1. Out of Glu86, Glu70, Glu100, report the one residue that is more than 30 Å from Ala28 (Cβ to Cβ) and modelled with pLDDT of 85 or more.
2. Would you pick out the residues in segment 26-51 that are closer than 16 Å to Ile5 by Cβ and modelled with pLDDT under 95?
3. Among Glu103, Glu46, Glu60, which is the only one that is part of a helix (DSSP H, G or I), within 60 Å of the chain's Cα centre (by Cα) and free of Cβ contacts under 8 Å to residues at least 24 places away in the same chain?
4. Only residues that are of a type in the set (Asp, Glu) and either surrounded by 13 or more Cβ atoms within 10 Å (Cβ to Cβ) or within 20 Å of Thr21 (Cα to Cα) (or both): list them for segment 56-104, please.
5. Quick one: how many residues across segment 40-55 are closer than 23 Å to Arg22 by Cβ and surrounded by 15 or more Cβ atoms within 10 Å (Cβ to Cβ)?
6. May I ask you to list the residues in segment 1-16 that are in a loop (DSSP other than H, G, I, E, B), at pLDDT 90 or above and either under 18 Å from Pro65 (Cβ atoms) or touching a Leu at 6+ places or on another chain (Cβ under 6 Å) (or both)?
7. Against the condition β-branched (Val, Ile, Thr), in contact (Cβ under 8 Å) with a residue 40 or more places away in the chain and surrounded by fewer than 16 Cβ atoms within 10 Å (Cβ to Cβ), how does Thr21 come out, does it pass?
Amino acid sequence: MDLEIKDLDLYELLEINYNSTREEIDKAYRRNAFKYHPDKNINNVEAATKLFHQISIAYETLTDPRKKLEYDNIYKAKIESKKRFEKLDAKRKVMKEELEEREKAAKQSKKTTIFTQESREAKIERIKEETARRRREKEEKLRLSDQRSKASTTHRPNSTPRPSSKQAFGYKDFESIVLNKMIEQERLDKEKWGEKSESSMEA
């Protein structure tokens, strides 16, 4: 079979399908031959002549049982090959889409990780700043309290009256008085005991 015929889709040229009858083939040929006859396409004679020639080859091949059988074997093989390629292309397309989705997900995951890391670092920095601020406030309060305490101690002698002699009497003075009384009582008891001893001896 001529190489030119093998490369052509004869059914498409006549605008019919694989299962078309002889009557349908004849009708399709007449319609397309009239439509693309060079005399009907004077503005594009060269293209019309080429197409008219291919239509004639298609009709001649498809109306000859032997040529049609030979062509149909080639045609079926091309259809099956086309289906395999389409299936393969579809599979490749799916794989490509899945790969793109995984790459997209990986990029998004990386962005999320970076954002989470930045958020964590920002949170830590915020806690540090808050802790430092509270420490400064506490130190300031202690400083002010210490200043007020010193100021109060400095002005206390001028504002507080000097205690009187009675107010100055303390625990040590009381202890001294009690001790003296105990010594005096012990002395009196000894004298009294001595007098009793002398009276007993005289008797």
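The values are calculated or read from the model by the stated rules, or taken from the named source; none is laboratory data. These numbers come from a predicted model, not from an experiment. Every residue, glycine as well, gets a Cβ built from its backbone with ideal geometry; the counts of neighbours run over all protein chains shown.
1. Criteria check complete, one pass: Glu100.
2. Once the filter is applied, which keeps residues that are closer than 16 Å to Ile5 by Cβ and modelled with pLDDT under 95, segment 26-51 yields Lys50, Leu51.
3. Glu103
4. Step one: of segment 56-104, the residues of a type in the set (Asp, Glu) are 60, 64, 70, 72, 80, 86, 89, 97-98, 100-101, 103.
Once the filter is applied, which keeps residues that are of a type in the set (Asp, Glu) and either surrounded by 13 or more Cβ atoms within 10 Å (Cβ to Cβ) or within 20 Å of Thr21 (Cα to Cα) (or both), segment 56-104 yields Glu60, Asp64, Glu70, Asp72.
5. Total meeting the criteria: 4.
6. Listed by number, the residues that qualify are Leu14, Ile16.
7. No: the conditions fail for Thr21.
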